[in-house]
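These notes are about the structure you will find just below.
The values are calculated or read from the model by the stated rules, or taken from the named source; none is laboratory data. Since the model is a prediction, treat every value here as computed from it, not as a measurement. Cβ: placed from backbone, ideal geometry, glycine included. Neighbour counts: every protein chain shown.
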Amino acid sequence: MKRIILEDALLGYGKKNVLSEVNLEIVEGDVCLIKGANGSGKTTLGLGILGILHLQSGRRDSTFSRLSYVPQTNRFDAQYPITLEELVAMGLRDYGAICARRRDRRNETRTAILEALSRVGLFEKAKSLFHQVSGGEFQRALIARALISRPEAVLLDEPFANIDRTGKLEIKKLLLDESRRLNCTLIIIDHHENVDFCTNCLEIENGRVIANGAG
């Protein structure tokens with residue numbers, strides 16, 4: 001069974017320590033919720049889990065080979081002129097080679113992109129610029145971008161932020177359905193949202209993981 005393990009991990013930036021003595025295990029099929037107050041180090045922990053942020057000390061081991069990341073929506077420039085179709089295309093692992101392909105291969109790629117948008121209910125919005133869609137629609141497009149490469153695990157950083165109750169329920173159902181379809185492990189960061197289908201919950205306080213168990 002595939003897994004990600006952190007042992008006695010110290011995470012931080014330069015000389016600034018953010019999290020210490022972190023011990024956790026996320027296994028294939030988990031829906032892991034990371035909770036904590038704003039500024040508690042949730043994103044730092046997520047980046048450490050993914051291996052994007054190197055540990056200052058301790059050990060990280062992962063047997064997952066394909067990981068995807070859905071960052072917070074506020075990390076994007078809302079005025080950047082990109083359509084949802086183009087946004088999702090960026091999730092393809094060979095995105096840089098798409099334009100060099102033969103026409104038939106480019107058509108196959110576009111079919112895959114439109115299918116990904118259809119699965120998140122955005123087929124009709126493919127040509128919309130992302131600043132023209134709602135917060136919930138943009139979040140679903142980011143999820144489509146993460147899932148188009150069929151990852152083994154996905155980390156989502158505050159996917160319910162600034163979305164109304166109906167939108168949150170839609171995204172929760174989407175994540176549950178797609179994780180089952182793809183047999184994909186989910187790691188969800190949020191500071192207050194309950195995820196009733198999570199199998200594992202990590203809570204951060206004062207630079208440490210103070211809870212590590214079922215949600």
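On the basis of being out of contact with any helix residue (DSSP H, G or I) (no Cβ under 6 Å at 6 or more places or on another chain), assigned by TED's automatic domain parsing to the domain that holds Asp196, under 24 Å from Val120 (Cβ atoms) and of a type in the set (A, V, I, L, M, F, W, C), does Val27 make the cut? Reasoning before the result, please.
Values: out of contact with any helix residue (DSSP H, G or I) (no Cβ under 6 Å at 6 or more places or on another chain): yes; assigned by TED's automatic domain parsing to the domain that holds Asp196: yes; under 24 Å from Val120 (Cβ atoms): no; of a type in the set (A, V, I, L, M, F, W, C): yes.
No.
Can you tell me which residue among Leu186, Leu169, Leu174, Leu182 is under 26 Å from Leu11 (Cα atoms) and in the same structural domain as Gly51 (by TED's automatic domain parsing)?
Leu186
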Filter the range 154-211 for residues that are in contact with a Pro (Cβ under 7 Å, 6 or more places away or on another chain) and either part of a strand (DSSP E or B) or not hydrophobic (A, V, I, L, M, F, W, C) (or both); the one that is farthest from Ser62 (Cα to Cα) is Asp157
A careful count of residues in the range 71-93 that are under 27 Å from Asn107 (Cβ atoms) and either more than 14 Å from the chain's Cα centre (by Cα) or in the same structural domain as Thr43 (by TED's automatic domain parsing) (or both) gives 12
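Table: residues versus (1) in contact (Cβ under 8 Å) with a residue 60 or more places away in the chain; (2) surrounded by fewer than 15 Cβ atoms within 10 Å (Cβ to Cβ); (3) out of contact with any Phe, Trp or Tyr (no Cβ under 7 Å at 6 or more places or on another chain).
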| site | (1), (2), (3) |
| --- | --- |
| Glu25 | no, yes, yes |
| Leu33 | yes, no, yes |
| Asn38 | yes, yes, yes |
| Lys42 | yes, no, yes |
| Leu45 | yes, no, yes |
| Ile49 | yes, no, yes |
| Leu53 | no, no, yes |
| Arg59 | no, yes, yes |
| Phe64 | yes, no, yes |
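Conditions (1) among the aromatic types (Phe, Trp, Tyr); (2) surrounded by fewer than 22 Cβ atoms within 10 Å (Cβ to Cβ), marked per residue:
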{"residue": "Phe130", "(1), (2)": "yes, no"}
{"residue": "Phe138", "(1), (2)": "yes, no"}
{"residue": "Val154", "(1), (2)": "no, no"}
{"residue": "Asp164", "(1), (2)": "no, yes"}
{"residue": "Lys168", "(1), (2)": "no, yes"}
{"residue": "Lys173", "(1), (2)": "no, yes"}
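Of all residues in the range 188-197, which are hydrophobic (A, V, I, L, M, F, W, C) and either closer than 18 Å to Tyr69 by Cα or buried (at least 18 other Cβ atoms within 10 Å of the Cβ) (or both)? Walk me through it before giving the result.
Kept after step one, since they are hydrophobic (A, V, I, L, M, F, W, C), are these residues of the range 188-197: 188-189, 195, 197.
Matches in the range 188-197: Ile188, Ile189, Val195.
Here is a yes/no grid of residues against (1) charged (D, E, K, R); (2) within 22 Å of Glu193 (Cα to Cα); (3) touching a Leu at 6+ places or on another chain (Cβ under 9 Å):
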| residue | (1), (2), (3) |
| --- | --- |
| Lys2 | yes, no, no |
| Leu6 | no, no, yes |
| Leu11 | no, no, yes |
| Ser20 | no, no, yes |
| Gly29 | no, yes, no |
| Cys32 | no, yes, yes |
| Ile49 | no, yes, yes |
Counting only residues in the range 198-207 that are surrounded by 14 or more Cβ atoms within 10 Å (Cβ to Cβ) and in contact with a Ser or Thr (Cβ under 8 Å, 6 or more places away or on another chain), the one modelled with the highest pLDDT is identified as Ile204
